[in-house]
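First up is the structure itself, then whatever we jot down about it.
The values are calculated or read from the model by the stated rules, or taken from the named source; none is laboratory data. Treat the numbers as computed from the prediction; the structure is a model and nothing was measured. Here Cβ is always computed from backbone atoms with ideal geometry, including for glycine, and neighbour counts include all displayed protein chains. Side chains included, ligands, DNA and RNA excluded: accessible areas come from the protein's heavy atoms. Shrake-Rupley method; radii C 1.70, N 1.55, O 1.52, S 1.80 Å.
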Amino acid sequence: MFLLILLYVVLTIIRPQDYIPGLDLVPILPVVLALSFLAWLGSSQKTFEAPQFIILPCFLLILMISQVTNGWTGGALDELAHFGPVVIAFFVLGASCTTQKRVRIAMGVMVACAAVLALHGVEQARTGMGWTGIPIGEGNRIQYVGIFNDPNDLGLLFAATLPMAVFLGRRGAPGRLLWLACAVLLLYGTYLTNSRGAMLAVLIVAGCYIWYRKGMVVAGTLGVIGLVGLKLLSSRMDELDAGEESAAGRVDAWYAGLEMFRDSPLFGVGPGNFTEYNELTAHNSFVLVLAETGFLGFILWLAFVGYGFWMMLTILRHPHTAANEPGREAEWAMERQLALTLLLSLCGLFAAAFFLSRSYMVVLYLIAAVVAGHYVGARRRWPELPAFRFSRDGWRWVPAAFAGVAGLFVLVAVLLRTQ
């Protein structure tokens, strides 16, 4: 099961089926996912111990209902076919990553795949064409095939996997220099995407790490210095204000998304229908979910995202010192290192997603699966860690969703006034 789902991860990110002649005629990705799902069904490793395993199927149900309420009954089956594989991949990978070793292996696979895409970008920047046959994009921004044909999507992947590469390259780790080289390559790849969202995401990842280690004052000071440095490095970062044409278009799209929510507050305008009401897509994953799935979908998606952060913070803040279990100090230290790494990956992932419409992108759910699997495994190894139950904790996300919606309205109002 674990090997099959890792193969699925490789095929999803590197995507040879999108550029190798003949492979496009073979349904290799669905077949590998189906085989991994069958292995999951016959496995004793199935788990539903994390609330995300309940929330994600419920979110899929909301996607289907939203299509029906917007007058397209057949859209329910279309959503099942489109988002159902994402749910399956989450279940299988989450159930597979319940040991520290497997979490590290999954991280290594994701970093290696991201490094391959970064190498492709380096070749594009050097020769103007990558080995996939895809030329460098407008503005000399690197791109890839399939779901990574947008430079911003590449930047999101690089920002999310960068903390994993740094973790794997820690002192004393096997292949340390190789993983550190991958980290440098991912940083350079982020620069080549010239994605403002990805660069800000990398800055946020670094700021969160410094905040954790050195405190908020040091992190804030270095963050300001880092932002100035980014504006000097990138011409697009130098245009970062609400009045710049591209940024203004995004703010207008956010406003349009909030108007869609006001018109269809319960189930939204339907998945994939945002551009039916606005020329541009939302350019914000939170606004996209709110507009397309309404408040019910927003609550579920916010809970799905929020539980991942909550779980990793719980491990980091837990007072356990392994003092009562001699010989397990190193194991607990590794638990915390993995939690910190995954927390930073989530920070990079959703910082970039805040400026992109990637609410349903499979990579987001693959990383979330590793997070959920890690916490499930950590609880098995350390039973004193608290259990999360959506039936018990779910009410918390209702006021959080109200606050999130209010925050989006205030943010958009402020940005519109500054254009």
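In nm, to one decimal, how far is the Arg380 label point from the Asn149 one, both placed 7 Å along Cα→Cβ?
So the label points at Arg380 and Asn149 sit 4.1 nm apart.
If r is the Cβ-Cβ distance from Asn140 to Val410 and R0 is 30 Å, what FRET efficiency results, to the nearest 0.05?
After rounding to 0.05, the efficiency reads 0.25.
Going highest first, how would you order 56-66, 23-33 by mean Cβ packing within 10 Å? The partial results should precede the final answer.
On the way: 56-66: 21.3, 23-33: 14.1.
Final packing ranking: 56-66, 23-33.
Taking the Cα centre of segment 300-419 as origin, sum charge times position over the Cβ atoms of Lys and Arg (+1) and Asp and Glu (-1), and report the length of that vector in debye to the nearest 20.
Working: 11 positive and 6 negative charges, 58 e Å.
So the dipole magnitude of segment 300-419 works out to roughly 280 debye.
Round to the nearest 0.05 the FRET efficiency obtained for Thr275 and Val87 when R0 = 25 Å and r is the Cβ-Cβ distance.
0.55
How large, in percent, is the carbon and sulfur part of the accessible surface of the chain at a probe radius of 1.4 Å?
Details: 11820 of 17930 Å².
Summing carbon and sulfur atoms, their accessible area is 66 percent of the total for the chain.
If Lys and Arg each add +1 and Asp and Glu each add -1, what is the summed charge of the other residues whose beta carbon sits under 14 Å from the beta carbon of Ile54?
Neighbourhood net charge equals +1.
Say each of Arg417 and Val31 gets a label point 7 Å from the Cα, pointing the same way as Cα to Cβ; how far apart are those two points in nm?
Between Arg417 and Val31, the label points sit 5.9 nm apart.
So which chymotrypsin sites (Phe, Trp or Tyr not before Pro) in segment 129-208 pass both tests, a DSSP loop state and at most 15 other Cβ atoms within 10 Å of the Cβ?
Details: sites: Trp131, Tyr144, Phe148, Phe158, Phe167, Trp179, Tyr188, Tyr191; in loops: Trp131, Tyr144.
Passing sites in segment 129-208 are Trp131.
From the helices alone, meaning DSSP H stretches of at least four residues, give me the mean residue ellipticity at 222 nm for the chain, per-run term -39500 (n - 2.57), in deg cm²/dmol to the nearest 500. Before the final figure, lay out each step's value.
Working: 16 runs with 296 residues, N = 419.
Helix contribution divided over all residues of the chain: -24000 deg cm²/dmol.
Quote to one decimal, in nm, the extra length available between Leu23 and Gln337 on full extension: 0.36 nm per residue of separation minus the C-alpha distance between them.
Details: separation 314, 0.36 × 314 = 113.04 nm, distance 3.92 nm.
Stretched fully, the Leu23-Gln337 segment lengthens by 109.1 nm.
Please tell me the relative contact order of segment 1-91 in percent, rounded to the nearest whole number, where contacts are Cα pairs under 8 Å and at least six residues apart.
Numbers: 57 pairs, mean separation 23.6, N = 91.
Dividing the mean separation by the residue count of segment 1-91 yields 26 percent.
Tell me, what is the FRET efficiency for Trp131 and Leu178 to the nearest 0.05, using R0 = 22 angstrom and their Cβ-Cβ distance as r? Present the calculation step by step, with values, prior to reporting the outcome.
Working: r = 21 Å, r/R0 = 0.96.
The formula returns an efficiency of 0.55 here.
Report, in debye and to the nearest 20, how large the dipole of the chain comes out about its Cα centre when Lys and Arg carry +1 and Asp and Glu carry -1 on their Cβ.
Working: 28 positive and 26 negative charges, 351 e Å.
About 1680 debye.
Along the Cα→Cβ direction, 7 angstrom out, place labels at Arg389 and Tyr188. What is the inter-label distance in nm?
Distance between the two pseudo-spin positions: 5.2 nm.
Got a sec? What order do Glu384, Glu79, Glu259 fall in by accessible area at 1.4 Å, biggest, i.e. largest, first?
On the way: Glu384 75, Glu79 15, Glu259 55 Å².
Correct descending sequence by accessible area is Glu384, Glu259, Glu79.
So for each of 89-95, 287-293 I average, over its residues, the number of other beta carbons within 10 Å; can you give me the resulting order with the highest mean first?
The most tightly packed comes first, giving 287-293, 89-95.
At what distance in angstrom do the alpha carbon centres of segment 340-419 and segment 26-47 lie from each other?
Rounded to whole Å, the Cα centres lie 26 Å apart.
Most fluctuating residue of Thr69, Thr281, Thr193 in a GNM of the chain with Cα springs under 10 Å: which is it?
Thr69
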